[in-house]
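Below is one structure, written out as structure tokens; the observations come after it.
The values are calculated or read from the model by the stated rules, or taken from the named source; none is laboratory data. Predicted, not measured: the structure shown is a model, and the values here were computed from it. Cβ coordinates were reconstructed from backbone atoms using ideal geometry, including for glycine residues, and neighbour counts include every protein chain displayed.
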Amino acid sequence: MNYSRPWKGLLKELVELRLNEALLTQYVAVLAGVRRALDDWIPARHFDRFGELMARHGLVVEVDCVFKRLGWEAAASGKELAPTTRAVGARYPDGMDDNPGTEVHVIVSSRADWAVETLKSGWYPIFVDSRMVRKPQVDHKWLGLAFGYPECCVDFFIGHNDWPRFNTLADAAEASSKLRWEANCLLKHSPWTPMFHMPCSFDCPATVEYSERVLAAVEDLDPDYAVQIRTSLKQHFLMVSEGQSYVLTGAADGREGRVTYEKAVFVGSQAPYDRFSGSLAKGNELRVEDGVIFIWNGGELVESLETGCHRGVIEAPMLLRFE
Amino acid sequence: VWTPEFTGESNDAPAMSRLDSFQSALERATGLLNAEQEQLVASVCRFITVTSADTGWIAGLVKFSAPSAQPTPDALVESAQRDLVRRLLKITPVRFDSMPPNTDGDFRETLVTLCARRATAGLFGKELSAADENLWQTVEPHVLGSKYGARFLSQLGEEVSPPPSTLASDETATYTAETAIQTAETATRTAVGAAQGSEAEDAALPTVVLRKTRMASDTPVDWHAPDSLLHLPPTELVRIYEGAVVNWAESESSAYRAAVISYLLGKFEESRKYLLKCLEFDGDVEEYRHLLAFSLRHLGRFAGFEQIIFGRAQQASDVAELPGEATPVRRSTGVA
């Protein structure tokens, strides 16, 4: 596995066991008491060592169940109801095996009672015997509160968590009077974020405070990492949907509402959502207008990308510059 | 908004000249729309283009065929309706396993056209043509008999009789309109909404009807009831709850209503009690079993949850005999 930076201490062990660099700051947040709990998916073959690591740091782990990942295109009734999760569920520990696609869904907390409370509402949509098993929507609210997310953001999420009908990020941007970098959640699938929740606005005071506290805890652990996060968040982004966003590196505001950029880097959730990397690579200047992304190269229009409902996700492209 | 770039005609003088004439016609057509028609077009259409190219469907893009395009109010609204129908087809996993009789070619395209024309006729207060009306008589029962077909028609604003949620969902079952009505008459309709309040009070509350999902099917359970009632203020929930608990032991709908509201209020021991009663009324309802499972989970009885979800406890009696005590909490391996 290639690492994006030289990790140290707990963060290094987490990356090696989880085989993933995302969510690291949320472990720091749990350790620092900024959030009450988190949930994560641990490769089954590393699960024992993960439990030992958590115990060494005084963290409690509760097991939900075993996930066996499905291919993206796997045909199953109801998969449109869970755009982000594609897995078959099995009882723990019966479903454990060494397959790379087998993971354990866990709750991690600094307190046993918080871990159990989170586990109660922590069910994720998975297929069991060919049926998608989902929880009622109210459980999403209880889970957000159990995690320790700001209540305003939990309520906002509950009102918007319907990918074919709502674009949560576009609505959060609409609700913002300023785009604060501390509330920038577009890098949530990368290591460069202090938050994992969707803010109710990009200047939500509770979210800004949450991020500042997490970053302070990260700084204590690894000051360079904290600097890198701050720098990463203060950039131009092309946001299309929750699953599809791009960092525009070397970006600057240009003429007629355009933004010039050197490179567009996909920072969405999963590769199949990435529709525009190829087109964005053809240009160095873009503008978003009425749902269309116009791309220029050297002043010449090279692409106009229509957006709509793709893979069951509503696209609402916006250029966001976080300050 | 016209996007000449879309058709590659930005440097084509005749095309740009045709564009001027098209723009004028479009403005005239738009000006003739009433408020409802205009709202529909504005909410659906983001771009209008004239092209002969077969570029496939793009949500929000209304296309008129070049070069003779002359948008009329009816054509504009029908185009918007087509887009809307296609969007609904996109997000509703409706399956058409066979072609209805007397329809040729692509059934989905036929359906898009027909639904768009029906909706447009409705918006203009006109009758559907006799040919289209005849076709609809064939198409409607076929859609209703398809999986998620009733939901699709309901989302389109069609009056679906019976309501889609009263249909028992069975992977192998297909319903014609006649059998669907028969099903509604014979099945227990479990109204969850405001059955006990006065008419005036009820008007403000959602009426929620349970679609029973059978164990033999593989469709996801219908959480329409708890999800809809979630947004009611607690005082309203309590009012509905108080109406339901009066006769929960005698009425399946009252028992389910009490169970759903208990769950939303976080009273999981009560929701467990009411759901066990629901399962006595009808043991083959996944909504009852799953809500019971999640109630047990909130009570800390994880073994009971797993027995229902992973073990698929088959009978109401199996569920009733689930372990009564909270399961000891499981720690991960390695944690002392």
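How about region A:264-323: which of its residues are in a strand (DSSP E or B), in contact (Cβ under 8 Å) with a residue 40 or more places away in the chain and under 20 Å from A:Gln235 (Cα atoms)? Within region A:264-323, A:Leu286, A:Val288, A:Ile293, A:Met318, A:Leu319, A:Leu320, A:Arg321 meet the criteria. Against the conditions (1) within 23 Å of A:Gly159 (Cβ to Cβ); (2) modelled with pLDDT under 90, B:Leu264 satisfies every one except (2).
Selection over region B:258-271 of residues that are surrounded by fewer than 24 Cβ atoms within 10 Å (Cβ to Cβ) and part of a helix (DSSP H, G or I) gives a count of 4. Going by the structure shown, is B:Leu111 at pLDDT 80 or above, assigned to a helix (DSSP H, G or I) and within 13 Å of chain A (Cβ to nearest Cβ)? No; evaluated as a whole, the condition is false for this residue. Within region A:8-40, the set of residues being of a type in the set (A, V, I, L, M) and in a helix (DSSP H, G or I) comprises A:Leu10, A:Leu11, A:Leu14, A:Val15, A:Leu17, A:Leu24, A:Val28, A:Ala29, A:Val30, A:Leu31. A count restricted to region A:287-307 and to residues that are surrounded by 15 or more Cβ atoms within 10 Å (Cβ to Cβ) and either more than 14 Å from every other protein chain (Cβ to nearest Cβ) or at positive phi (or both) stands at 1.
Taking A:Ser201, is it away from chain B (no Cβ under 14 Å), of a type in the set (Gly, Ala, Ser) and surrounded by fewer than 17 Cβ atoms within 10 Å (Cβ to Cβ)?
No: the conditions fail for A:Ser201.
Of the residues making up region A:258-281, those that are more than 14 Å from chain B (Cβ to nearest Cβ) and more than 18 Å from the chain's Cα centre (by Cα) are A:Arg258, A:Val259, A:Thr260, A:Tyr261, A:Glu262, A:Lys263, A:Ala264, A:Phe276, A:Ser277, A:Gly278, A:Leu280, A:Ala281.
Against the criterion of being in contact with a helix residue (DSSP H, G or I) (Cβ under 9 Å, 6 or more places away or on another chain), of a type in the set (A, V, I, L, M, F, W, C) and exposed (fewer than 15 other Cβ atoms within 10 Å of the Cβ), A:Val227 qualifies. Do the conditions hold for A:Val267, that is, is it surrounded by 19 or more Cβ atoms within 10 Å (Cβ to Cβ), within 22 Å of B:Ile58 (Cβ to Cβ) and of a type in the set (Val, Ile, Thr)? For A:Val267, the condition - surrounded by 19 or more Cβ atoms within 10 Å (Cβ to Cβ), within 22 Å of B:Ile58 (Cβ to Cβ) and of a type in the set (Val, Ile, Thr) - is not met. Pairs meeting the criteria (first residue in region A:220-236 and under 22 Å from A:Phe266 (Cα atoms) and in contact (Cβ under 8 Å) with a residue 40 or more places away in the chain, second residue among the hydrophobic types (A, V, I, L, M, F, W, C) and assigned to a helix (DSSP H, G or I), beta carbons under 6 Å, at least 6 apart or on different chains) are A:Tyr225/A:Val218; A:Leu233/A:Trp181; A:Lys234/A:Trp181. Number of residues in region B:257-287 that are within 13 Å of chain A (Cβ to nearest Cβ) and either within 20 Å of A:His140 (Cα to Cα) or in contact (Cβ under 8 Å) with a residue 40 or more places away in the chain (or both) equals 13. Those strands (runs of 3 or more DSSP E) of region A:95-173 in which at least 1 residues are surrounded by 19 or more Cβ atoms within 10 Å (Cβ to Cβ) and more than 8 Å from every other protein chain (Cβ to nearest Cβ), considering only elements entirely within it, cover A:102-109, A:126-128.
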